[in-house]
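**Student:** This is the structure I want to talk about, given as structure tokens.
The values are calculated or read from the model by the stated rules, or taken from the named source; none is laboratory data. If you're wondering where the values come from, they're calculated on a predicted model, not measured in any experiment. Because the Cβ atoms are built from the backbone with ideal geometry, glycine has one as well, and the counts that use them run over all protein chains shown.
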Amino acid sequence: MRLAKLRGARGFVPLIALLSLGIGLAGCSGDDGNDGAAGPAGPSGTPGETGPAGATGATGATGAGLDPIASAKPESCQTCHNSAGADHQDIYRDYLDAKTKSNFSISLASVTTAPSATAGKYDITLNFSVQKKDANGVSFVNYDEAGLASLSQKRFTIQGYYAGAVDEFVTAKTASLGTITSLGGGLYTATATAAGFDPLAEPGWQAYGYIADEPLEVEGMTLYADVADGGLAGGTAILGSSTEYVSSADVTGCEQCHGAPYLKHGYRAAVVDGLSDFAACKECHYDDRSGGHPGLAVDG
């Protein structure tokens, strides 16, 4: 009887042990809790060894040579006048645009001559037209004004031309057409009375005229915002003729320093429609006088 009780107790102990083990295992599977704060950064490692130099690359193409004139920009006001400012430079740009953006245009149409009342002299008449942009600055319309009186500059000349001669343009064969008359509708005449030659009877001839207006606020030489010019030639001086006047000067060379289009004195173009390049300069720089510029005594 007692033995049976003990055996029953021994059978009960393993069951209790198993239950206790199960409860212990259940307690181990609980939450581990939040992660702790990150520790401080560790010290930097020792730099590695420098790698070998790479192979030399191919040689690049040779660039254009430096243009000392273009890089110096001698016609920029601020090159010499450090305190000139943007406004001063804007005035210079207006000068450069004086011909290409002018409010005026001029066209030379024809030349007529007649014996003067003075024996051996001739009256010369140049017919031309002038237009000006409208109030909106868009379209050109006929410009009428008695004698072009309000314009700051106007000059018209005619010359005889001797193709291939040492003196192709000379004083005696140059006449100023100083009397300007409005005919209405934008048409004008410029005349010379009792000139010493008949240009239409010469081997060749050329007529040239220009107008300029709106003086710019500059010191020294007077420059203009509006410039217009025109040329007309006949005889052996006709543009494209094998005997036309050809200057040894190069306009593009002048433009390297003085801007394009090149305007001599600020308002006298070297390239004029209807004439050879620099031929217009001959109205002052005749071949038998220097015109105040020794370098232009023979070739202007």
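**Student:** Considering only residues of segment 250-269 that are within 15 Å of Cys284 (Cβ to Cβ) and either among the acidic types (Asp, Glu) or crowded, with 16+ Cβ neighbours inside 10 Å (or both), which is modelled with the lowest pLDDT?
**Tutor:** Step by step, filter segment 250-269, then rank; the result is Gly266.
**Student:** Only one of Gly300, Gly291, Gly240 is at positive phi and either modelled with pLDDT under 85 or of a type in the set (S, T, N, Q) (or both); which?
**Tutor:** Testing whether each residue is at positive phi and either modelled with pLDDT under 85 or of a type in the set (S, T, N, Q) (or both) leaves just Gly291.
**Student:** Then there's this: Applying the selection to segment 116-153, what residues are under 27 Å from the mean Cα position of the chain (by Cα), of a type outside the set (Lys, Arg) and under 13 Å from Phe104 (Cα atoms)?
**Tutor:** Val130, Gln131, Asp134, Ala135, Gly137, Val138, Ser139, Phe140, Val141, Leu151, Ser152, Gln153
**Student:** Tell me, which residue of segment 160-184 that is of a type outside the set (Phe, Trp, Tyr) and in contact with a helix residue (DSSP H, G or I) (Cβ under 6 Å, 6 or more places away or on another chain) is nearest to Leu275 (Cα to Cα)?
**Tutor:** Gly160
**Student:** Okay, moving on. Quick check: is even one residue across segment 154-167 within 33 Å of the chain's Cα centre (by Cα) and either exposed (fewer than 14 other Cβ atoms within 10 Å of the Cβ) or hydrophobic (A, V, I, L, M, F, W, C) (or both)?
**Tutor:** Among the residues of segment 154-167, at least one is within 33 Å of the chain's Cα centre (by Cα) and either exposed (fewer than 14 other Cβ atoms within 10 Å of the Cβ) or hydrophobic (A, V, I, L, M, F, W, C) (or both), which makes the answer yes.
**Student:** Which residue, of Thr79, Thr113, Thr100, is at pLDDT 90 or above and hydroxyl-bearing (Ser, Thr, Tyr)?
**Tutor:** From the options Thr79, Thr113, Thr100, the qualifying one is Thr113.
**Student:** Here's another thing I want to ask about it. State all residues of segment 222-252 that are out of contact with any Lys or Arg (no Cβ under 9 Å at 6 or more places or on another chain), charged (D, E, K, R) and in contact (Cβ under 8 Å) with a residue 60 or more places away in the chain; if no residue qualifies, say none.
**Tutor:** Glu244
**Student:** Right, next: How do the pairs read when you match residues in segment 143-161 that are under 26 Å from Asp288 (Cα atoms) and touching a residue at least 24 places away in the same chain (Cβ under 8 Å) with residues anywhere that are part of a helix (DSSP H, G or I) and not charged (D, E, K, R), using Cβ under 6 Å and keeping only pairs 6 or more apart or on different chains?
**Tutor:** Filtered contacts from segment 143-161: Lys154/Leu148; Ile158/Pro199; Gly160/Pro199.
**Student:** Looking only at strands (runs of 3 or more DSSP E) that fall completely inside segment 172-221, which ones have 3 or more residues that are touching a Cys at 6+ places or on another chain (Cβ under 9 Å) and either basic (Lys, Arg) or touching a residue at least 40 places away in the same chain (Cβ under 8 Å) (or both)?
**Tutor:** Hits in segment 172-221: none.
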